[in-house]
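Below you'll find the structure, written out as structure tokens, and then a few comments.
The values are calculated or read from the model by the stated rules, or taken from the named source; none is laboratory data. These numbers were taken from a predicted model, which means no experiment stands behind them. Here the Cβ positions follow ideal geometry from the backbone for every residue, glycine too, while neighbour counts run over all protein chains shown. Heavy atoms of the whole protein, side chains included, go into the accessibility calculation; ligands, DNA and RNA do not. Shrake-Rupley method; radii C 1.70, N 1.55, O 1.52, S 1.80 Å.
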Amino acid sequence: MKAIVMNRSGGTEVLEVIDCPDPVPRPGQALVEVAAAGVNFMDIGVRRGQLWTKMPLPRGLGVEGVGRVLAVGDGVLSIQPGQRVAWVYAPGSYAERIALSADALVRVPDVIDDRTAAAVMMQGLTASHFATDFYPVQPGDVAFVHAAAGGVGLLLTQIIKLRGGDVIGRVSSEEKVTAAREAGADHVIVDTEGRFVEQTLRLTRGEGVHVVYDGSGPTTFQGSLDVLRRSGTFCWYGLVLGGPGPLDIMSLPKSIKIGYGVFSDHIHTPELLRAHSAQLFDWIAAGTLKLRVGGEYRLADAAKAHADMESRKTTGKLLLVP
């Protein structure tokens, strides 16, 4: 089979296509033929050497995907060969086949196609965590969503709207405004330099927003603090772009609450993984949650997918199709 690996950290040039033997499922595992794999900023962090630093080289990339079960190892009762399944975190998913824990798999309903299932797992579960768990959005709440035309931002906006909230979205170019509005954003601010505070305070009549979701890196951190209302909540996420540096907790303004949101805390048991994934699939089947696939690439073109994502010119989810 073919897979994408890296033998050193660096730019897109370190991604290599190799031929390797098919994996054999161990007890508790399933062997899956990959139909589509998701591309995430996490993968770029791995490639750059920011993540998985203790994992030996060569190192397989990718963590999420969808496919069909080919075989199962001893002791697996929840999954059977022939079933369509999706997963959100299994290192080495940029491949034609993968062996992974059966507990990491969720059944994909027949009404959900492969590309949609692959596109919703990481970003959908992240958005679900942010809007239903980290800060459970209530009717009438106003949320500020950075990168509102990105994969997480589009889904987060829709889930906030499903829960009765209003969304102020920030995008990096005029070309992305339409995507953010189609997802339901009530207001869209175009900004690349972190100058969004004045418009946001004007839109909220000086009160500020109830919650900020910021995965845009250090340049937006102070602005995100400034747009929060008293006792507002700041959800910071994303490893690749870096953090704001040391914080003096006594300097945080307006009794705000601040935390680092990680999707794995939303699905820390197989039961929660299945339940939250099923909710996403139900929303999609009902037409209330829509996925935007921003690009499909051959497995061998993983480097181009990374380059396009790093350019910040894409909207929605990028997929690799073996």
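Within segment 226-249, identify whether any single residue is without any contact (Cβ under 8 Å) to a residue 24 or more places away in the chain, of a type in the set (D, E), touching a helix residue (DSSP H, G or I) at 6+ places or on another chain (Cβ under 9 Å) and closer than 28 Å to G164 by Cβ, and answer yes or no. First the steps, then the outcome.
Keep residues of segment 226-249 that are without any contact (Cβ under 8 Å) to a residue 24 or more places away in the chain, which gives 246-249.
Next, only the ones that are of a type in the set (D, E) stay: 248.
Filter once more, so that each one left must be touching a helix residue (DSSP H, G or I) at 6+ places or on another chain (Cβ under 9 Å): none.
No: zero hits.
Within segment 47-60, identify whether any single residue is assigned to a loop (DSSP other than H, G, I, E, B) and crowded, with 21+ Cβ neighbours inside 10 Å, and answer yes or no.
At the first step, the residues of segment 47-60 found to be assigned to a loop (DSSP other than H, G, I, E, B) are 49-58.
Then drop every residue that is not crowded, with 21+ Cβ neighbours inside 10 Å, which leaves none.
No, because not a single residue in segment 47-60 is assigned to a loop (DSSP other than H, G, I, E, B) and crowded, with 21+ Cβ neighbours inside 10 Å.
Got at least one residue in segment 19-40 being open to solvent by 10 Å² or more (accessible area, probe 1.4 Å), out of contact with any Ser or Thr (no Cβ under 9 Å at 6 or more places or on another chain), free of Cβ contacts under 8 Å to residues at least 24 places away in the same chain and in a strand (DSSP E or B)?
Yes: segment 19-40 contains one or more residues that are open to solvent by 10 Å² or more (accessible area, probe 1.4 Å), out of contact with any Ser or Thr (no Cβ under 9 Å at 6 or more places or on another chain), free of Cβ contacts under 8 Å to residues at least 24 places away in the same chain and in a strand (DSSP E or B).
In the list V152, V145, V167, which residue meets the criterion of being at negative phi, among the hydrophobic types (A, V, I, L, M, F, W, C), open to solvent by less than 50 Å² (accessible area, probe 1.4 Å) and at pLDDT below 95? Before the answer, list the steps.
Numbers: V145 fails: at pLDDT below 95; V167 fails: at pLDDT below 95.
Checking each option against the conditions leaves just V152.
Hey, could you check segment 276-322 for residues that are under 28 Å from T192 (Cα atoms) and basic (K, R) and say which is least open to solvent (accessible area, probe 1.4 Å)?
Only one residue fits best here, namely K317.
Does A180 meet the test of being within 28 Å of A286 (Cα to Cα) and open to solvent by less than 20 Å² (accessible area, probe 1.4 Å)? Spell out the reasoning first.
On the way: within 28 Å of A286 (Cα to Cα): yes; open to solvent by less than 20 Å² (accessible area, probe 1.4 Å): yes.
Yes: the conditions hold for A180.
Consider G140 against the criteria (1) assigned to a loop (DSSP other than H, G, I, E, B); (2) within 28 Å of Q83 (Cβ to Cβ): it satisfies all of them except one. Which criterion is unmet?
Result: G140 fails condition (2) only.
Return yes or no: is P81 at pLDDT 95 or above, surrounded by 14 or more Cβ atoms within 10 Å (Cβ to Cβ) and over 19 Å from D308 (Cα atoms)? It would help to see each step written out before you state the result.
Values: at pLDDT 95 or above: yes; surrounded by 14 or more Cβ atoms within 10 Å (Cβ to Cβ): no; over 19 Å from D308 (Cα atoms): yes.
Criteria not met by P81.
Looking at T126, T157, which is the one that is touching a residue at least 12 places away in the same chain (Cβ under 8 Å) and either farther than 14 Å from D186 by Cα or surrounded by fewer than 24 Cβ atoms within 10 Å (Cβ to Cβ) (or both)? Please lay out each step first, then the result.
Values: T157 fails: either farther than 14 Å from D186 by Cα or surrounded by fewer than 24 Cβ atoms within 10 Å (Cβ to Cβ) (or both).
None of the other options fit; the residue is T126.
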